[in-house]
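Here's the structure we're looking at; comments come further down.
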Amino acid sequence: MDTTLRVPYQQLKSTLETVLKKTGFPDQKAALCAELFAKSSLDGVASHGLNRFPSFLEQVKRGHVKPDAEPEIEFSLPVMERWNGKQGPGMYNAQLAMGRAIDLAAENGIGCVALNNTNHWMRAGNYGWQAAEAGCIGICFTNTIPNMPAWGGSEPKLGNNPLVLAVPYKTEAIVLDMAMTQYSYGKMSMYEGEKKELRYPAGFDAEGALTHNPAEVLARQLALPAGLWKGAGLSLMLDILASGLSGGKASHEIGAQGEEYGISQFFLCFHIEKLGWIQEEMEKHFSRILEDLKQSAVFAGGEVNYPGEKSLERRKENLALGVPVAPDIWEQVQQLCG
């Protein structure tokens, strides 16, 4: 797939916003959702940005994503709230939930929000950046439809269940955004479209052997858990926590629907200054850790980066040169825009 076409960031965002408005999204919601899709592609995560946009519209068409739905609060304490997402757009609900966690943390030092009955939040890292920009350490995770085997299993029983850890750092952030599979399904789909094999084993084939071929993994939803049995165990615990704390559906219940909607999520924030830390002193502490990391010896051709570092580099490059887009998907979106 040719990805040499570049589009100015503002044009990408405004085009997506126009399509969402035509699809029935209220103006404010269309603007926010378009921005989060565009930001994902801007940072080099097209698999959860523009490339995911057509399938998102399909979910709207099927009624699984309800453009007009507004989340409702079900329970509250000074440091915790539980919300019902009402099956609204996942990125809109997630932005609101993290925003509430930030507000609670700003008032009490710690704040968390459990969210049920929501939808795919697209790029998970967006909400880590959101927390960090507000001066908070942010942690969030979600469950998904079963698309990963339990360790030793031969069928998808666990969700990919992305996990985000983020800390503010100088004018930017350190953000870990990881799926529970060695490669996200979005990344594997991109490699399948380009008819490429992945560098490391991505999952299991029909005989249970590890394979680098994304098509074989995607056909059976048998992605390799990151960390092998450790990733499988972590996925299970994230599902238990997200569904238990939110009072929402677990992965196996989402799987019984046949499609991924009505999922469960959790957002946690620590406000650095409210908890008695001086932001500049915390940054110095982080700097010492990163300086030691960057001094690491490497193998020939190797490079050591901290989580989120490459995203920042891609963001600056793409703001200057334009956001790389897949020509076929961009053409499809432009046609929807009219």
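If contacts are Cα pairs under 8 angstrom and at least 6 residues apart, what is the relative contact order of the chain in percent?
Rounded, it is 23 percent for the chain.
Below 8 Å, C-alpha to C-alpha, sequence gap of six or more: please give me the relative contact order for the range 103-185 in percent.
Relative CO of the range 103-185 lands at 25 percent.
By the scheme Lys and Arg +1, Asp and Glu -1, what is the net charge of all other residues having a beta-carbon under 12 Å from that of Ala94?
+2
Provide the gained length on full extension for the span Lys86 to Ala206, in nm with one decimal, where the gain is 0.36 nm per separating residue minus the Cα-Cα distance.
39.4 nm
Would you work out the relative contact order for the range 233-338, in percent, from Cα pairs under 8 angstrom that are 6 or more residues apart?
12 percent
Under 10 Å, Cα contacts only: if you run a Gaussian network model on the chain, which one of Asn305, Asn108, Asn213 comes out with the highest mean-square fluctuation?
Asn305
Check Leu5: other-chain or 5+ apart residues with amide H under 5 Å from its amide H, H built from backbone geometry?
Val325
Quick one: net charge of Ser264's neighbours, Cβ under 12 Å, K/R +1, D/E -1?
Neighbourhood net charge equals -1.
Treating the beta-carbon of each Lys and Arg as +1 and of each Asp and Glu as -1, no other charges, what is the dipole magnitude of the chain about its Cα centre, to the nearest 20 debye?
Magnitude of the dipole: close to 260 debye.
Taking 0.36 nm per intervening residue step and subtracting the Cα-Cα distance, what contour gain separates Gln295 from Asp68 on full extension?
Contour length minus Cα-Cα distance gives 76.7 nm.
For the range 289-338, run through the GluC sites (Glu not before Pro) and keep only the ones in DSSP coil with at most 14 other Cβ atoms within 10 Å of their Cβ.
Hits after loop and neighbour filter: Glu303.
Under a point spin-label approximation (7 Å from Cα along Cα-to-Cβ), what is the Gln334-Asn108 distance to one decimal in nm?
About 5.0 nm, to one decimal.
Select from Met237, Leu176, Val217 the residue farthest towards the positive end of the dipole of the range 175-237; place +1 on Cβ of Lys and Arg, -1 on Cβ of Asp and Glu, and compute about the Cα centre.
The one lying farthest along the dipole's positive direction is Leu176.
List the residues whose amide H sits under 5 Å from the amide H of Gly88, counting only those 5 or more places along or on another chain, with H placed 1.01 Å from N in the peptide plane.
Here Lys66 satisfy the definition.
Taking a 30 Å limit on the Cα-Cα distance, which of the listed pairs Lys284/Lys316; Lys249/Lys274; Lys39/Lys294; Lys86/Lys157; Lys187/Lys249; Lys22/Lys310 fall beyond it?
Pairs exceeding 30 Å: Lys249/Lys274; Lys22/Lys310.
For the chain, with the dipole built from +1 on Lys and Arg beta-carbon atoms and -1 on Asp and Glu ones, taken about the Cα centre, which of Gly138, Thr15, Trp121 lies farthest toward the positive end?
Positive-most Cα among the choices belongs to Thr15.
So which trypsin sites (Lys or Arg not before Pro) in the range 172-213 pass both tests, a DSSP loop state and at most 11 other Cβ atoms within 10 Å of the Cβ?
Taking the range 172-213 and a limit of 11 other Cβ atoms within 10 Å, the loop trypsin sites (Lys or Arg not before Pro) found are Lys195, Arg199.
Would you tally the net charge around Ile240, using a Cβ to Cβ cut-off of less than 15 Å, leaving Ile240 out, and scoring K and R as +1, D and E as -1?
0
Between Rg and the Kirkwood Rh of the range 274-319, both from Cα atoms, what is the Rg to Rh ratio?
My calculation puts Rg/Rh at 1.11.
Highest mean first, what order results for 148-161, 126-139 on Cβ atoms within 10 Å?
Answer by packing, highest mean first, reads 126-139, 148-161.
Give the residue list of trypsin sites (Lys or Arg not before Pro) in the range 1-86 that are DSSP loop and have at most 10 other beta-carbon atoms within 10 angstrom.
In loop regions of the range 1-86 (DSSP not H, G, I, E or B), the sparsely surrounded trypsin sites (Lys or Arg not before Pro) are Arg62.
Go ahead and run the numbers for FRET between Glu259 and Gln28, Cβ-Cβ distance against an R0 of 25 Å, rounding to 0.05.
Result of the calculation: an efficiency of 0.40.
Heavy atoms only, probe 1.4 Å: what % of the accessible area of the range 169-214 goes to carbon and sulfur, would you let me know?
Percent of accessible area from carbon and sulfur atoms in the range 169-214: 50.
If a cysteine in the chain has no other Cys Cβ under 4.7 Å from its own Cβ, put it on the list, ordered by number.
Within the chain, the cysteines lacking a partner Cβ under 4.7 Å are Cys33, Cys112, Cys140, Cys337.
Evaluate Rg over Rh across the chain, taking Cα atoms for both radii and Kirkwood's formula for Rh.
Here Rg/Rh amounts to 0.95.
Over the chain, average the accessible area per residue using a 1.4 Å probe and give it in Å², no decimals.
46 Å²
How large is ³J(HN,Hα) for each residue in the range 237-251, as worked out from phi by the Karplus curve 6.51 cos²θ - 1.76 cosθ + 1.60 (θ = phi - 60°), to whole Hz, x for Gly and Pro?
5, 5, 5, 4, 6, 4, 6, x, 6, 8, x, x, 7, 8, 4
Could you calculate the FRET efficiency of Val304 with Ile240 from 1/(1 + (r/R0)^6), where r is the beta carbon distance between them and R0 is 22 Å, rounded to 0.05?
E between Val304 and Ile240, to the nearest 0.05, is 0.05.
Before rounding to the nearest 500, sum -39500 (n - 2.57) across all DSSP H runs of length at least 4 in the chain and divide by the residue total; then give [θ] at 222 nm in deg cm²/dmol.
Roughly -13500 deg cm²/dmol at 222 nm, from the helical runs in the chain.
The values are calculated or read from the model by the stated rules, or taken from the named source; none is laboratory data. Remember, it's a predicted structure, so these values are computed and weren't measured experimentally. Every residue, glycine as well, gets a Cβ built from its backbone with ideal geometry; the counts of neighbours run over all protein chains shown. Areas reflect the complete protein model, heavy atoms only, side chains present, ligands, DNA and RNA absent. Shrake-Rupley method; radii C 1.70, N 1.55, O 1.52, S 1.80 Å.
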